[in-house]
Amino acid sequence: MVARTHDIIAFASLMTVAALQPPGTLTVPTLMTCIIGNVVGSLAPDLDQASNRLWDMLPAGNLMGRIFRRLFLRHRTISHSLIGSYLFYRLFEWGLPKLFNPSYVDTHVLLMSIMIGFISHLVADALTKEGIPLLFPSPLKFGFPPLRLFRITTDSWVEHWVVLPAVIMYIFWFIGNFQGELTHLIRLVKEVS
């Protein structure tokens with residue numbers, strides 16, 4: 001899947017989880033960082049590509065992307081596996097409290113938002129013909145549906161004209177059918193004093 005598809009699937013996933021399993025409290029800074037963190041999480045598995053949008057956001061990001069890409073061996077290896085998911089989780093769990101003031105940003109909620117984006121990326125890539133190496137370093141790739149013939153080709157018309165509109169329609173459907181839950185979530189948002 002391309003970055004735009006990953007972003008919209010991650011947002012739909014975040015909205016669904018937040019509405020159905022809302023956090024106890026939510027501040028405006030936490031909400032804003034969670035939305036940004038969700039996008040970062042949705043793009044993080046593709047840090048093994050020098051062309052990843054996250055590299056473009058950093059100073060000297062293109063150079064760093066070329067260096068880090070070599071650490072991942074090639075595209076869709078460790079970063080698309082259970083081991084990679086665990087390592088990213090531990091890295092974010094360690095780093096977020098050092099980057100954000102816990103008085104303003106709930107780093108646990110932020111971590112969950114990032115991981116929702118990360119996992120949604122893996123699920124979306126499992127729908128592609130390439131599949132994902134869930135049990136890396138095993139070369140076995142997993143996909144859904146199991147028959148590769150019925151999976152999506154990355155950056156194809158099916159992704160752009162079927163998958164992307166379907167996810168957007170899901171977002172509108174969810175908003176229409178879960179207004180009470182979304183209203184409750186909005187009421188949780190409080191200004192930091």
Report summary line: Here the residues within the stretch 161-193 that are without any contact (Cβ under 8 Å) to a residue 24 or more places away in the chain and outside any helix (DSSP H, G or I) are Ser193
Query raised in the report: When the stretch 102-146 is examined, which residues are found to be under 23 Å from Leu54 (Cβ atoms) and surrounded by fewer than 17 Cβ atoms within 10 Å (Cβ to Cβ)?
Result: His108, Val123
Report summary line: Note on the stretch 172-186: residues surrounded by fewer than 16 Cβ atoms within 10 Å (Cβ to Cβ) and among the aliphatic types (A, V, I, L, M) are Ile175, Ile186
**Report entry** Extreme residue, modelled with the highest pLDDT, among residues of the stretch 33-62 that are more than 13 Å from the chain's Cα centre (by Cα), aliphatic (A, V, I, L, M) and closer than 17 Å to Phe92 by Cβ
**Finding:** Met57
Query raised in the report: What is the number of the single condition among (1) touching a strand residue (DSSP E or B) at 6+ places or on another chain (Cβ under 9 Å); (2) part of a loop (DSSP other than H, G, I, E, B) that Pro145 does not meet?
Result: (1)
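To keep it simple, each residue is scored yes or no on (1) outside any helix (DSSP H, G or I); (2) under 25 Å from Thr5 (Cβ atoms).
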{"site": "Pro102", "(1), (2)": "yes, no"}
{"site": "Val105", "(1), (2)": "yes, no"}
{"site": "His108", "(1), (2)": "no, no"}
{"site": "Glu159", "(1), (2)": "no, yes"}
Query raised in the report: If Glu93 satisfies every condition in (1) charged (D, E, K, R); (2) at pLDDT 90 or above; (3) outside any helix (DSSP H, G or I) but one, which is the exception?
Result: (3)
Report summary line: Checking Phe174, Phe142, Phe150 in turn, the sole residue that is touching a Leu at 6+ places or on another chain (Cβ under 6 Å) and over 22 Å from Val28 (Cα atoms) turns out to be Phe142
Requested in this report: All but one of (1) assigned to a helix (DSSP H, G or I); (2) in contact with a Gly (Cβ under 8 Å, 6 or more places away or on another chain) hold for Leu122, so report the exception by its number.
Outcome: (2)
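The values are calculated or read from the model by the stated rules, or taken from the named source; none is laboratory data. Source: prediction; values computed, not measured. Neighbour counts are summed over all protein chains in view; Cβ atoms, including those assigned to glycine, are modelled from backbone coordinates with ideal geometry.
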